[in-house]
Amino acid sequence: MKHTIFFWVALLCFSIATHAQQEIPSAEPGQQYGKPISSEGAISVEKLETFLEADTAYIGKVSAEVIAVCQKTGCFMEVKREGDKDPIMVRFKDYGFFMPQDIVGRTVVVDGRAWIKETSVASLKHYAEDKVKSAEEIAQITEPKEDIAIIAEGVPERVSVNESSVLS
């Protein structure tokens, strides 16, 4: 009897531990995310958009303001575009690193590959859930979306605001 109770308590504890939401650490000065890179040579989001009008993909660095980070694990972020355009989704190569949620509003440089991609309705709904959108907002997603996507291999230690301050 004791073994049975111990087994069920252990199973419950294991289940809670594996399903508990991980806390994402805060951003720290000098922190490198992913592959070590520098911020030199980064282009703006506007230049990326212009480049992708003429070519199928861009490999390099892009500087952009972070407007959202996945609220569950930090497994993606969205960066700002000018005007009323939808933000650009930035995911991380092989889920090799995650971003802290407190970088929203900061300018980052991502190094990786950008291209025009169609995102399925299922993926859009999944991302909306990760952004903690309401059930009504998620239900309104009924069409796939074609837009710029970035797979980043690294975000350098210099995550700044207005190109001058270091991540702090």
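Output yes when any residue across region 80-89 is surrounded by 15 or more Cβ atoms within 10 Å (Cβ to Cβ), out of contact with any strand residue (DSSP E or B) (no Cβ under 6 Å at 6 or more places or on another chain) and among the small types (Gly, Ala, Ser), and no when none is. Checked against the condition, which is being surrounded by 15 or more Cβ atoms within 10 Å (Cβ to Cβ), out of contact with any strand residue (DSSP E or B) (no Cβ under 6 Å at 6 or more places or on another chain) and among the small types (Gly, Ala, Ser), region 80-89 yields no hits at all. In region 129-150, which residues are under 18 Å from Val66 (Cβ atoms) and small (Gly, Ala, Ser)? Within region 129-150, just Ala149 meets the criteria. Being assigned to a strand (DSSP E or B) and either without any contact (Cβ under 8 Å) to a residue 40 or more places away in the chain or aromatic (Phe, Trp, Tyr) (or both) is a property that Glu78 has.
Looking at Glu82, is it touching a helix residue (DSSP H, G or I) at 6+ places or on another chain (Cβ under 8 Å) and among the acidic types (Asp, Glu)? Answer is yes for this residue. With respect to being surrounded by 15 or more Cβ atoms within 10 Å (Cβ to Cβ) and under 27 Å from Ala27 (Cβ atoms), Ile59 falls outside the description. Looking across region 36-75, just one residue is charged (D, E, K, R), assigned to a helix (DSSP H, G or I) and in contact (Cβ under 8 Å) with a residue 40 or more places away in the chain, and that is Glu49. The set of residues in region 35-56 that are polar (S, T, N, Q) and buried (at least 18 other Cβ atoms within 10 Å of the Cβ) contains only Ser39.
We did not get these values from a lab; they are worked out from the coordinates using the rules stated. Computed from a prediction, not measured in an experiment: that's the story for all the values here. Because the Cβ atoms are built from the backbone with ideal geometry, glycine has one as well, and the counts that use them run over all protein chains shown.
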